[in-house]
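Enquirer: Below is the structure I would like to discuss, written out as structure tokens.
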Amino acid sequence: MANWTCIQGCGACCQLDPRDRPDLDQYLTATELEQYLSLVGEDGWCIHYDANTRRCTIYETRPAFCRVQADTFGRMFDITPDELDEFEIDCCEQQIEGVYGNQSDELKRFIATIGD
């Protein structure tokens, strides 16, 4: 089984357009949803995403819902730690494809990195 890992220089998860995530209220608390929506820039990208460096400018203090951790994903999506890698991989593949396309360099790098 492949293990999930984040690839630097991607940033697909920072594309926050709520129109692409109509079920936000299903896994975020009301307070988290308010915070999430406050992070969405006019272009749909997180206001803390630096497009030039393709990095989060508040990485160390980013909200819990931005952290890929067993406890966070367990609470938001009701998955167990043993389901985490598979769930994270599926999420990333879908998000990368949606943002950059299914033939993108980002998706190819992700697949190569996880060894899928």
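Each reported figure results from applying straightforward, stated rules to the coordinates on display, with no laboratory input. Bear in mind the structure is a predicted one, so any value in this text is a computation, not a measurement. Cβ sites come from the backbone with ideal geometry, for glycine too, and all protein chains shown count toward neighbours.
Enquirer: Helix-derived [θ] at 222 nm for the chain: sum -39500 (n - 2.57) over DSSP H runs of at least 4, divide by residue count, nearest 500? Let's see the in-between values first.
Expert: Details: 5 runs with 49 residues, N = 116.
The helix contribution divided over the chain gives -12500 deg cm²/dmol.
Enquirer: What's the magnitude of the charge dipole for the chain around its Cα centre, counting Lys and Arg as +1 and Asp and Glu as -1 at the beta-carbon? Answer in Debye, nearest 20.
Expert: Working: 9 positive and 23 negative charges, 89 e Å.
Roughly 420 debye, rounded to the nearest 20.
Enquirer: Same structure again: Taking a label point 7 Å from the Cα of R54 along the Cα→Cβ vector, which residues of region 4-28 have an amide N closer than 18 Å to it?
Expert: Under cut-off, by backbone N: 5-16.
Enquirer: By the gyration tensor of its Cα atoms, with a ≥ b ≥ c the square roots of the eigenvalues, what is the shape of the chain: rounded for a/c under 1.5, prolate for a/b over b/c, or oblate?
Expert: Because a/c hits 1.5 or more and a/b fails to exceed b/c, the chain counts as oblate.
Enquirer: Turning to a different aspect of this structure: Note the full-extension length gain between E32 and E97 as 0.36 nm times their separation in residues minus their Cα-Cα distance, in nm to one decimal. Present the calculation step by step, with values, prior to reporting the outcome.
Expert: Numbers: separation 65, 0.36 × 65 = 23.40 nm, distance 2.54 nm.
Result for the pair: 20.9 nm of gain on full extension.
Enquirer: Restricting attention to the chain, give the cysteines that have no other cysteine Cβ less than 4.7 angstrom from their Cβ.
Expert: Result for the chain is C6, C10, C13, C56, C66, C91, C92, no neighbouring Cys Cβ within the cutoff.
Enquirer: State the answer as a single residue: which of Q15, I47, T57 lies farthest towards the positive end of the charge dipole of region 1-58, with beta carbon charges of +1 for Lys and Arg and -1 for Asp and Glu, about the Cα centre.
Expert: Among Q15, I47, T57, the one farthest towards the positive end of the dipole of region 1-58 is T57.
Enquirer: While we're looking at this one, here's another question. Full extension from D25 to A70: what is 0.36 nm times the residue separation minus their Cα-Cα distance, to one decimal in nm?
Expert: Numbers: separation 45, 0.36 × 45 = 16.20 nm, distance 1.98 nm.
Difference between extended and current length: 14.2 nm.
Enquirer: Okay, moving on. Can you give the FRET efficiency for A112 and D90, using 1/(1 + (r/R0)^6), R0 = 22 Å, r = Cβ-Cβ distance, to the nearest 0.05?
Expert: Working: r = 17 Å, r/R0 = 0.77.
Taking R0 as 22 Å, the efficiency between A112 and D90 is 0.85.
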